[in-house]
Amino acid sequence: MNHRHFVMHKPYGYLSQFVCEHDWKKVLGELFQFPDGTMPVGRLDEKSEGLLLLTTNGILCDQLRSKDREKEYYVQVDGLIDEVAMEKMRQGVEIGIRSEKYLALPCQVRRLEQVPDFPPRIKKIRDDRHGPTSWIAVILTEGKYRQIRKMTAAVGFPTLRLVRVRVDKVWLDDLKQGEVREVKQLIQDE
């Protein structure tokens, strides 16, 4: 069977799914006519943006979601994040997942010296008068529900904007918000 693979820049406000019981929610099928059997590789919540991989190959989907595949995010946080907070994230912080405490695995965190060149978000984040913000890069190998948002909040710097820029060796690069590209393969060893 010839499987098909896609990379997309999921915009803010869209669910990482094709159907929803609530007709006011935006879904991926409104952006592109995907073939039957297409599934997202992992998810980005409604308020998150960036790289989303999609495929008709369920085995490949499972391989890319495995814990040995890195996912990289650029995260705008409220305030000027300090080294102490980033070190706590690097070591792994306790967060809540479905009413239970969970110790997030250690991850890589670094401050971004330049503000990423993303287009403005559809819904304004906030005014500058509310204080400074900073950007960090976070690289994880897991992806629990709203994990990065919970981690930054746990160290005192709530997430304002979250954009996934990489899954394994696939980068967001110059994809525009809402743009979808079909690719021959998603990983080198498929």
Considering only segment 1-24, how many residues are outside any strand (DSSP E or B) and within 19 Å of residue 162 (Cβ to Cβ)? 5
Would you say residue 51 is under 18 Å from residue 161 (Cα atoms), touching a residue at least 12 places away in the same chain (Cβ under 8 Å) and either surrounded by 20 or more Cβ atoms within 10 Å (Cβ to Cβ) or not aromatic (Phe, Trp, Tyr) (or both)? yes
Whichever residue in segment 114-138 is touching a strand residue (DSSP E or B) at 6+ places or on another chain (Cβ under 9 Å) and charged (D, E, K, R) and, among such residues, is nearest to residue 88 (Cα to Cα): 126
Take the conditions of a type in the set (Asp, Glu) and assigned to a helix (DSSP H, G or I) and apply them to residue 62. Does it pass? yes
Give me the residue from segment 66-116 that is part of a loop (DSSP other than H, G, I, E, B) and of a type in the set (Gly, Ala, Ser) and, out of that set, surrounded by the fewest Cβ atoms within 10 Å (Cβ to Cβ). 99
Answer yes or no as to whether residue 122 is exposed (fewer than 11 other Cβ atoms within 10 Å of the Cβ), assigned to a loop (DSSP other than H, G, I, E, B) and among the β-branched types (Val, Ile, Thr). yes
Of the conditions (1) within 14 Å of the chain's Cα centre (by Cα); (2) farther than 20 Å from residue 157 by Cβ; (3) of a type in the set (A, V, I, L, M), the single one that residue 1 does not satisfy is (1)
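Readers should treat all values here as calculations from the given coordinates under stated rules, not as data from a laboratory. Everything numeric here is computed off the predicted structure, so don't read it as measured data. Ideal geometry is used to build each Cβ from the backbone, glycine not excepted, and the neighbour counts take in all protein chains shown.
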